[in-house]
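Engineer: Questions regarding the structure given below will be posed in turn.
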Amino acid sequence: MQDRYEEIYRAFRWNVPARFNIAAACCGRHAVDRHRFCLYWEDEDGATRALTYWDIQQDANRLSNALAGLGVRRGDRVGIILPQRPETVVAHMACYQLGAVAMPLSILFGPDALEYRLQNSQTSVAFVDPASAPNLAAVRASLPDLRHVIGVAGAREAGAEPWERLLDKASRRFTPVDTGAEDPALLVYTSGTTGPPKGALKPHRVLIGNLPGFAYSHDEFPRPGDMFWSPADWAWTGGLMDALLPTMYHGFPILGYRGRFDPEKAFHLIEKYGVRNSFLFPTALKMMMKAVPEPRARYDLRLRSIMSAGESVGEAVFEWSRAALGVTINEMFGQTEVNYIVGNSHALWPAKPGSIGRPYPGHRVAVIDDDGNAVPEGEAGEVAVNRTDVHGDRDAVFFLGYWQNDEATRKKYTGDWCRTGDLAKRDADGYLWYQGRADDVFKSAGYRIGPSEIENCLVKHPAVANAAVVGSPDPERTNVVKAFIVLQPGHAPSPELEQALQQHVRGKLAPYEYPKEIEFVDQLPMTTTGKVQRRVLRLREEERKRGHTG
């Protein structure tokens, strides 16, 4: 195939208007056509809905009016603790057009995780459903800034006010707030490493910054007949910025599914709704490959593009997708603060199996050392993206900074280079090859996990004196969460205590954060300044796992 990368990369120019609003771009301008479908929705109980952009806009107008009536003003934070469902889309659009800051939170978050984020952000209103309401109810008394909780799908815990009652009383007419492209729109919390999770504050223009990577990772999305679906939770950047919002920006339909991921169900949904484009984590692809090795023998599939990110797809899945699905997977790299900056677009430039690709148009990316200098070809360094592109224009993808944490924002940069904390090597053709994290965050089954929050949770248990958490290599999940535990005097290791500690974390944080492996130790490796040397523990785990498979 012809490699058009240089031509496309050099020709790209940013076009960011001074006034821009995500809701107007993603819904308002498409709602003039009352027949343009926006969202097909299904849940694991069999319920289905189909909504046009006009339907979404009418409910968003009602909700914006209702939120304004509750006292929500420009810049106020609104927590959206909801799964993939129509109300989630409506809540986002309502927040953006009101000038409020949407703060998506996973329904998997336990009470402690919710309490920290809602306290830190001083959130004034939160949306919950039956899955998230009980955990919020457990900590609502410690959230003085949280004035209102709105319950979706019958959720009434935490004193929730019914969604339906709010919307029924509200007008369908709403004049959107005039927002600048630089005005805050989103607050997304990242995983914590040496401290608690940080809130990445993102402006309205960040959607424009994600569009080139989205379009190219789906081989020039949109094309006539395109239909998107991803199991990625809309509470995360992966689901929101890599699926929902860019699909809506283009005015195309997306499928939402509320339920646990199941590989056969995934194929069923792709067939039923005629899905043509999908973002699938490598873990999901591996499960699909193992469950249904020859999918086209069982399902009538119309897939034309698959993007994957979060960890390496690997050659086996890459080749299976080509042969069994007829689709070349485009791997991508990004993070909450600066998303969709590197990737593949196999229809326009060759995809190398195992590579995360080349810098997408609009992004000037380098592999740098500690001083901010580019490292030689083939040498590992930290992936960094410059504030300006190759033409000297400002890159639209950047976040504004960490919420109420100027020091962390400063540390994110070396000069004009924003450091991602991820290591890679660059080859002679400009492709990047991922080498792992520069810090202690690790990936497990597609989730990005920081040790600090889990360690803090473990130390709250009366039997624990100290704890360190690392990712332990695992062939299926990339890593599993492993905790090294120093016990308090008077407590002894036992299978019962191990299970109790796992349950302790399960009940307070997200299910994927509980330690699947626990090792009781007499002491943890420490630096002279008293910091835990997680790197020592990681290397120990890597050697142990190699010994088991060697």
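Engineer: Restricting things to alpha carbons, find the Rg to Rh ratio for the stretch 1-90 using the Kirkwood radius for Rh.
Structural biologist: 1.12
Engineer: With the contact rule set at Cα under 8 Å and sequence spacing of 6 or more, what percent relative contact order holds for the chain?
Structural biologist: 13 percent.
Engineer: Write down Rg/Rh for the stretch 316-384, rounded to two decimals, with Rg from the C-alpha atoms and Rh from the Kirkwood relation over Cα pairs.
Structural biologist: Rg/Rh for the stretch 316-384 comes to 1.04.
Engineer: Once you charge only the Cβ atoms, +1 for Lys and Arg and -1 for Asp and Glu, what is the size of the charge dipole of the chain about its Cα centre, to the nearest 20 debye? List each step's numbers first, then the result.
Structural biologist: Numbers: 65 positive and 68 negative charges, 204 e Å.
For the chain, the charge dipole is close to 980 debye.
Engineer: May I ask you to evaluate 6.51 cos²θ - 1.76 cosθ + 1.60, the Karplus curve with θ = phi - 60°, for each residue of the stretch 470-480 and list the ³J(HN,Hα) values in order in whole Hz, giving x for glycine and proline?
Structural biologist: After applying 6.51 cos²θ - 1.76 cosθ + 1.60, I find 9, x, 9, x, 9, x, 8, 9, 6, 9, 10 Hz.
Engineer: Please list LYS352, LYS272 from largest to smallest accessible area, probe radius 1.4 Å, with all protein chains kept in place. Walk me through the numbers before you get to the answer.
Structural biologist: Values: LYS352 55, LYS272 110 Å².
If we order LYS352, LYS272 from most to least accessible, we get LYS272, LYS352.
Engineer: Convex hull over the alpha-carbon atoms of the stretch 233-295: what's its volume per residue in Å³?
Structural biologist: Hull volume normalised by residue count: 88 Å³.
Engineer: I'd like the projected area of the stretch 64-159, averaged over all directions, using the convex hull of its alpha carbons. Report it in nm² with one decimal.
Structural biologist: Mean shadow area of the hull around the Cα atoms is 5.2 nm².
Engineer: Follow-up. If you average the alpha carbon positions of the stretch 178-253 and of the stretch 1-33, how far apart do those two centres end up, in angstrom?
Structural biologist: Computed from Cα coordinates, the inter-centre distance equals 13 Å.
Engineer: Ordered by packing density, taken as the mean number of other Cβ atoms within 10 Å over each peptide's residues, highest first, how do 466-475, 317-326 rank? Walk me through the numbers before you get to the answer.
Structural biologist: Values: 466-475: 21.4, 317-326: 17.7.
The peptides rank, most packed first, as 466-475, 317-326.
Engineer: Moving on to the next point. Once amide H atoms are placed 1.01 Å from N in the peptide plane, what residues at a sequence separation of 5 or more from GLY256, or on another chain, have their amide H within under 5 Å of its amide H?
Structural biologist: Amide H neighbours of GLY256: TYR40, TRP41, GLU42.
Engineer: For the stretch 447-550, what is the convex hull (Cα atoms) projected area averaged across all directions, in square nanometres? Write down the numbers at each step before the final one.
Structural biologist: On the way: hull surface 28.2 nm².
About 7.0 nm², averaged over all directions.
Engineer: THR414 to ARG506: FRET efficiency via 1/(1 + (r/R0)^6), r the Cβ-Cβ distance, R0 30 Å, to the nearest 0.05?
Structural biologist: Computed FRET efficiency for THR414 and ARG506 comes out at 0.20.
Engineer: Whole-Hz Karplus ³J(HN,Hα) for the stretch 395-402, in order, using 6.51 cos²θ - 1.76 cosθ + 1.60 and θ = phi - 60°, x for Gly and Pro?
Structural biologist: 6, 7, 7, 6, 6, 7, x, 7
Engineer: Amide H neighbours of LYS412 under 5 Å, at least 5 residues apart or on other chains, H built in the peptide plane: list them.
Structural biologist: Those lying under 5 Å, H to H, from LYS412: there are none.
Engineer: Still on this structure, please answer the following. Between the stretch 445-511 and the stretch 295-370, what is the separation of their alpha carbon centroids in Å?
Structural biologist: 32
Engineer: May I pose another question? Calculated from DSSP H runs of 4 or more alone, at -39500 (n - 2.57) each and per residue, what is the 222 nm mean residue ellipticity of the chain, nearest 500?
Structural biologist: -7500 deg cm²/dmol
Engineer: If you wrap a convex hull around the Cα atoms of the stretch 159-243, how much volume per residue is inside, in Å³?
Structural biologist: Dividing the Cα hull volume of the stretch 159-243 by its residues yields 212 Å³.
Engineer: Past the 28 Å Cα-Cα mark, which pairs from LYS290/LYS443; LYS198/LYS352; LYS202/LYS411; LYS412/LYS443; LYS286/LYS425; LYS198/LYS482? Could the numbers behind the result be given before it?
Structural biologist: On the way: LYS290/LYS443 21 Å; LYS198/LYS352 34 Å; LYS202/LYS411 18 Å; LYS412/LYS443 20 Å; LYS286/LYS425 25 Å; LYS198/LYS482 22 Å.
Pairs exceeding the cut-off: LYS198/LYS352.
Engineer: Another question, then. On average, how much accessible surface per residue is there in the chain, in Å², for a 1.4 Å probe, leaving out ligands, DNA and RNA?
Structural biologist: Values: 21550 Å² over 550 residues.
On a per-residue basis, 39 Å².
Engineer: Hey, any idea what % of the chain's accessible area is carbon plus sulfur with a 1.4 Å probe?
Structural biologist: Using a 1.4 Å probe with all protein chains present, the chain comes out at 48 percent carbon and sulfur.
Engineer: Follow-up. Calculate the all-directions average of the projected area of the stretch 357-444's alpha-carbon convex hull, and give it in nm². Could the numbers behind the result be given before it?
Structural biologist: Numbers: hull surface 26.4 nm².
That works out to 6.6 nm².
Engineer: Where q = 0.22 Å⁻¹, what log10 of I(q)/I(0) comes from the Debye formula for the stretch 390-520, counting one point per Cα?
Structural biologist: For the requested q values the scattering log ratios are -1.28.
Engineer: Given C-alpha coordinates of the chain, what is the ratio Rg to Rh with the Kirkwood estimate of Rh?
Structural biologist: My calculation of the ratio gives 0.95.
Engineer: Same structure, new question: Taking the Cβ-Cβ separation of LYS545 and ALA291 as r and a Förster radius of 25 Å, what is the calculated FRET efficiency to the nearest 0.05? The partial results should precede the final answer.
Structural biologist: On the way: r = 25 Å, r/R0 = 1.01.
It comes out at approximately 0.50.
Engineer: Still on this structure, please answer the following. Show the residues, 5+ positions off or on another chain, whose built amide H is closer than 5 Å to the amide H of ASP422.
Structural biologist: VAL383, ALA438
The values are calculated or read from the model by the stated rules, or taken from the named source; none is laboratory data. Source: prediction; values computed, not measured. When we count neighbours, we look across all protein chains shown, and the Cβ atoms used for this are built from the backbone with ideal geometry, even at glycine. These area figures cover heavy atoms from the full protein model, side chains too; ligands, DNA and RNA do not enter into them. Shrake-Rupley method; radii C 1.70, N 1.55, O 1.52, S 1.80 Å.
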